[in-house]
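Trainee: Below is the structure I would like to discuss, written out as structure tokens.
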Amino acid sequence: MRKVRAGNREITVQPDLLAGEYQGTGKSRRHQRVQDIQARKVRGCDLAFIDPVEVTVPGGGKDSVRIQVASLVTFLVMKGMALDDRLKEKDAWDIYNCVRNYPGGLDALADGLRPHLGHGLVKEGLQKIMRHFASTSHVGPTAVADFEEITDSEERELIQRDACERVSYVLSRLGVR
């Protein structure tokens, strides 16, 4: 944990350190030691180092810093793995949010994902997403509505349909089954 300043207030940040699952401790272990720090092994994490994206993060005043973060391809693959592994509502919502808000729309997202389909982990992660968003009553769309805490049955049905249709559209354009 580390305390940092955000404007006029101090906040506590607890970074999650991630590592690929292929080196270090055995498969039965969730963490491995990396430079005297425990890092969580995550399937697909190693993709983050292949195609990172550089972003500017604002600091205090007029300062900012440029950092590398995982690309959307890597993010979606890791979320697909997580959705299949731990079934947390936020993972499904993160997938839906990325698909719904991608600049340029669904076709642009499919075009951006297409060049990466030859990578086995990308294919695996997208197949897991497809499996969980296969219908409005599957885990993905249901988890999206649950995460948003929607109780009205008509509103739940609409968001589940939207989540299912958007995700299915993108993945079907890519031939993901």
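Trainee: Could you run through the stretch 88-137 and say how many residues are under 14 Å from SER168 (Cβ atoms), part of a helix (DSSP H, G or I) and aromatic (Phe, Trp, Tyr)?
Mentor: Number of matching residues: 1.
Trainee: What number of residues in the stretch 104-159 are without any contact (Cβ under 8 Å) to a residue 12 or more places away in the chain and of a type outside the set (Asp, Glu)? First the steps, then the outcome.
Mentor: Looking only at the stretch 104-159, we keep the residues that are without any contact (Cβ under 8 Å) to a residue 12 or more places away in the chain, and these are 104-105, 108, 111, 115, 118, 120, 149-156, 158.
So of that shortlist, the ones also of a type outside the set (Asp, Glu) come out as 104-105, 108, 115, 118, 120, 150-151, 153, 156, 158.
Number of matching residues: 11.
Here is a yes/no grid of residues against (1) outside any loop (DSSP other than H, G, I, E, B); (2) over 23 Å from TRP93 (Cα atoms); (3) at pLDDT below 75:
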| residue | (1), (2), (3) |
| --- | --- |
| TYR22 | no, yes, yes |
| THR25 | no, yes, yes |
| ARG29 | no, yes, yes |
| LYS62 | no, yes, no |
| GLN68 | yes, yes, no |
| VAL73 | yes, no, no |
| GLY80 | yes, no, no |
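The values are calculated or read from the model by the stated rules, or taken from the named source; none is laboratory data. As the structure is a computational prediction, the values presented were derived from the model and not from experiment. Cβ: placed from backbone, ideal geometry, glycine included. Neighbour counts: every protein chain shown.
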